[in-house]
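Read through the structure below, which is laid out as structure tokens, and then see the notes.
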Amino acid sequence: MALVALVGAILYLWLILSAGRARAQLLTSDTTLRAQSARLDRQALEYQHLRTAPAATVSHTDLRALVQARIDAAGLSRALVRIDAVDVNQVKVVFGAVPYADWLGWVASLRAQQVRLDSCRIEALSTAPGMVSVTATFTRPGP
């Protein structure tokens, strides 16, 4: 009888410990799932916002002229070394010394015009912190 009681007590303790471990794993999973759910909710809101936003307008002007106009508007003309039209939908741009933050803003303004950065080489200038030299090729989809 004592042996049955001892085996029963051991099984009861094992069951309690197993339940405690399972509960800890579930709490960890719950936290992870809640974080994923919050991220999905944010992404769904962003997706809904993007669906309701008006479509970006594509400029049908010459790509070289468009890029030059964006350079002038951003105030980067003084840093421009060369701009070459490879073809109607591709332009190569070379900047000598341009602030990196201004460069990023300018690329974003081109992206809004459906012009994408195809290739790029950026080198930090050791003479001026935050300044870079850039050689980049931009393309846009054909009509």
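The values are calculated or read from the model by the stated rules, or taken from the named source; none is laboratory data. Remember, predicted model here, so these are calculated numbers, not experimental data. Positions of Cβ are generated from backbone atoms using ideal geometry, with glycine treated the same way; all protein chains shown enter the neighbour counts. SASA here: full protein model, heavy atoms, side chains in, ligands and nucleic acids out. Shrake-Rupley method; radii C 1.70, N 1.55, O 1.52, S 1.80 Å.
Structural remarks
- Taking Cα atoms only, the orientation of helix 100-111 departs from the longest principal axis of the chain by about 90 degrees.
- Crossing angle, helix 63-74 versus the chain [Cα axis fit, 0-90 degrees, rounded to tens]: 80 degrees
- With all protein chains in place and ligands, DNA and RNA left out, the 1.4 Å accessible area ranks 123, 46 as 46, 123, largest first.
- Heavy atoms of residue 111 accessible to a 1.4 Å probe, total area in Å² rounded to 10: 150 Å²
- The label point for residue 65 and the one for residue 51, both projected 7 Å from the Cα toward the Cβ, are 3.8 nm apart.
- Normalising the average separation of contacting C-alpha pairs (under 8 angstrom, six or more residues apart) by the number of residues puts the relative contact order of the range 68-143 at 33 percent.
- The range 19-24 - phi-based ³J(HN,Hα) in whole Hz, Karplus 6.51/-1.76/1.60, Gly and Pro as x: 5, x, 5, 5, 5, 5
- Rounded to the nearest whole Hz, the Karplus-based 3J(HN,Hα) values (6.51 cos²θ - 1.76 cosθ + 1.60, θ = phi - 60°) of the range 6-17 follow the sequence 5, 5, x, 5, 5, 4, 5, 5, 4, 5, 5, 5, with x at glycine and proline.
- For the chain, the share of accessible area belonging to carbon and sulfur comes to 62 percent (1.4 Å probe, ligands and nucleic acids excluded).
- Only alpha carbons enter this Debye calculation for the chain, each as an equal point scatterer, and the log10 of I(q)/I(0) it gives at q = 0.15 Å⁻¹ is -0.86.
- Close amide H partners of residue 132, meaning residues 5 or more places away or on another chain with modelled amide H under 5 Å apart, are 98, 100, 125.
- Förster radius 41 Å - calculated FRET efficiency between residue 16 and residue 42 (Cβ-Cβ, nearest 0.05): 0.55
- Were the residues from residue 84 through residue 124 laid out at 0.36 nm apart, the gain over their Cα-Cα distance would be 12.1 nm.
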